[in-house]
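The values are calculated or read from the model by the stated rules, or taken from the named source; none is laboratory data. Predicted model only: the values in this text are computed from it and were never measured. Using ideal geometry, Cβ is built from the backbone for each residue, glycine included, and neighbour counts are taken over all protein chains shown. The protein model used for the area step is the full one, side chains on, heavy atoms only, and it has no ligands, DNA or RNA in it. Shrake-Rupley method; radii C 1.70, N 1.55, O 1.52, S 1.80 Å.
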Amino acid sequence: MTPEAILGLSALEVAKAIREKRVTCVAAMEAALARMKLVHARLNCLVRSDDEPALAAAHLADKEIARGALRGPLHGVPMAHKDMYYRRGIASSCGSKIVRERPAPATATALERLDAAGSIQFGVLNMAEFAFGPTGHNWHFGHCRNAWDPSRVTGGSSSGSGTAVAARATFAALGSDTGGSIRLPAHFCGVSGIKPTYGRVSRAGAMPLSFSLDTVGPLARTVEDCALILQVLAGPDARDATCESRAVPDYVGALARPIAGMRIGRPRQFFYDDCDPEIAAAMQASLETFRKLGATVVDVDLPDIGPWNAAGTLIISAEAAAYHGNWLRTRPQDYSDQVRGRLEQGLAIPATSYLDALRLRAVALREFCDQVLSKVDLVHAPVVSFQTPTIAETDLDAGPEVVAMLGRTTRLTRPGNFLGLPAVSLNAGFTKAGMPIGMQLLARPHDDAAALRAGHAFQRATEWHKRAPAV
Amino acid sequence: MSKDLSKECVVATLAAQGVATESARAQNYASALSLVLKAAAPAYAQIAFEEEPAGFVAEQRRNAP
């Protein structure tokens, strides 16, 4: 198989090809390493490439295959991840100047589980500084560029993950989602991603931003890949007290079930306020596809989400400010202006307002489940309501215009974080300008499988996810 | 209706935590925070006296399939 043909496979497909000895682990790794270097020159997606150890691991993985030893479902699959998942003794930059040379204290549980499943990490990817930015800008490592149009934003904070997956430079990549950081790059870069239910995947060894909202999940070319990777990542972890102990469902097996009879909710409020007509049309067309697959589309009334978004902002800001307090006092000059400004602001939030925001989450989740998710299995919505901006248009340092731009970018993703719901994001079409349009499917807490099943059914019926950018 | 945060209040609150802030920055923070605090406030009126942050995880479990 040629390198191009290997890179055209999904993670699941390349794992199968390796198991069946149609592709060697070394050939897959060489293809990914070469492709990543090629596209990095245009997209600025890579922070570090670990060629030698990755090739050595691929050689070892081939020897294991030769003697019939299979580590797991991702045996030999090359992956690069957002540079905020720690490996003991190795620096994770977290997109920052401050920790770029600090050896990590322990290896992330997510990486340990991917290692155990046989995946081979070959590099780390660009991201927003401390994952605190939704556009893909990074003033320390350079702004990340969209594989579909390098003048446009990738979305963030998992910017390198989104654009590298889109450019076929990695078969999948870990991202993280605190306010939309998996779903936004999935939307802007035209790939698939899942923000799991809060507490489903361990956060141990992942850079913290907001302990009440942080989630760990993959970006990949298909929803099927996301299901496979979530299967590997999910489950209890003694190192993360917020990690749920409930049994992990068979996400991959559940994909085979048809979605006929599934009830999909189309929100009457909030999600379509000032929505770009091309995005609204793509959403409508995707709902028609779900109808053809046998799902029932139901218009649903939502509670008032605006105050929840404000409360979510208070939680992120206060918790991030607490994490960064020491460095804000001792190294303020080492933050970019925008990130420093947003972090400092969190220091001024009254404690009772922060605690009320946390207390509100239970009230809000109860209301959303009673009023909406008791009537439908999923809520279907756009990820973003406007066309993909250029990097220059959104390259703002600080001030009120930044607050407005950031609020607008994450407006439709933050409800999923505040409510802790699982949300799958996948491509639903393209604008006339050739930029991807994503949809998100939100499900009940711990019903990640429902969102994955619907997303997979959509991709089996459509071709949008098969398009690749000409990088 | 509650009053807006003032830039003086922001400067003093940050200074109490060891962070020095220029006046223009403090004004930006005060304006942005006042907007967010006001936007969240109506929802706080729905919170029952007994509600606590850990109630969220309990609610997640109660609503799981």
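Okay, here's what the table says:
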item	result
Peptide-level mean, for A:444-451, of C-beta atoms on other protein chains within 10 Å	3
Computed lengthening from A:D51 to A:S151, 0.36 nm per intervening residue step minus Cα-Cα distance	33.1 nm
Rounded to whole Hz, the Karplus (6.51, -1.76, 1.60) HN-Hα couplings of segment A:330-339, x for glycine and proline	9, 9, x, 5, 8, 8, 5, 4, 5, 5
Inter-centroid distance (Cα atoms) of segment A:198-236 relative to segment A:421-445, Å	18
Over chain A: helical MRE at 222 nm, DSSP H runs n ≥ 4 each giving -39500 (n - 2.57), nearest 500	-12000 deg cm²/dmol
Surface share of carbon and sulfur [accessible, 1.4 angstrom probe, percent] for chain A	53
Backbone HN-Hα couplings from phi across segment A:263-268 [Karplus 6.51/-1.76/1.60, Hz, Gly and Pro as x]	9, 10, x, 10, x, 7
Kirkwood Rh (inverse of mean 1/r, distinct Cα pairs), chain A, angstrom	21.8
Rounded accessible area per residue of the protein assembly as shown, 1.4 Å, Å²	36
Segment A:280-308 and segment B:1-64: distance between their alpha carbon centers, rounded to Å	32
By accessible area with a 1.4 Å probe, ligands and nucleic acids excluded, highest first: order of A:K21, A:K195, A:K97, B:K3	B:K3, A:K21, A:K97, A:K195
Gain in span if fully extended, A:S374 to A:Y272, counting 0.36 nm per residue against the direct Cα distance	34.6 nm
Note, ³J(HN,Hα) from phi for segment A:190-206, Karplus 6.51, -1.76, 1.60, rounded to Hz, x at Gly and Pro	x, 10, 9, x, 10, 8, x, 3, 4, x, 7, 10, 4, 9, 4, x, 9
Long pairs among A:K37/A:K82; A:K292/A:K432; B:K7/B:K38, criterion Cα-Cα beyond 20 Å	A:K292/A:K432
Chymotrypsin sites (Phe, Trp or Tyr not before Pro) within segment B:26-65: DSSP coil, no more than 14 neighbouring Cβ in 10 Å	B:F49
Exercise: per-residue mean of other protein chain Cβ atoms within 10 Å, A:335-341	1
Under 5 Å, built H, 5+ apart or other chain: amide partners of A:R48	A:V124
Interchain or long-range residues, amide H under 5 Å from A:A428's placed H	A:I437, A:G438, A:M439
10 Å Cβ shell holding at most 16 others, DSSP loop, GluC sites (Glu not before Pro): longest site-free stretch of chain B	B:23-49
Local electrostatic count, B:V19, Cβ distance below 13 Å [Lys/Arg +1, Asp/Glu -1]	+2
In segment A:97-166, the GluC sites (Glu not before Pro) that fall in loop regions by DSSP, at most 12 other Cβ within 10 Å	A:E101
The protein assembly as shown: antiparallel DSSP beta bridges as a percent of all, rounded to 5	70
Per-residue average of Cβ from other chains inside 10 Å of B:49-55	5
Translational D in µm²/s for segment A:26-125 (Stokes-Einstein at 37 °C, 0.692 mPa s, Kirkwood Rh from C-alpha pairs)	232
Three-way shape label, segment A:75-168, alpha-carbon gyration tensor, a/c 1.5	oblate
Interface residues, segment B:1-30 - accessible area loss of 40 Å² or more versus chain alone, probe 1.4 Å	B:L14, B:Q17, B:V19, B:R25, B:N28, B:Y29
Carbon plus sulfur fraction of accessible area for chain B, probe 1.4 Å, in percent	61
Percent RCO, i.e. relative contact order, over segment A:352-471, from Cα pairs under 8 Å lying at least 6 residues apart	27
Sequence-distant residues sharing a close amide H with A:I120 (under 5 Å, placed H)	A:G76, A:V77, A:M79
Loss of accessible area when B meets A, both sides summed, Å² nearest 100, probe 1.4 Å	3500
Chain A, relative contact order in percent, only Cα pairs under 8 angstrom and at least six apart counted	17
FRET E, pair B:E50, A:I90, Förster distance 56 Å, beta-carbon r, rounded to 0.05	0.75
CD proxy at 222 nm, helix term only [per DSSP H run n ≥ 4: -39500 (n - 2.57); per residue of chain B; nearest 500]	-19500 deg cm²/dmol
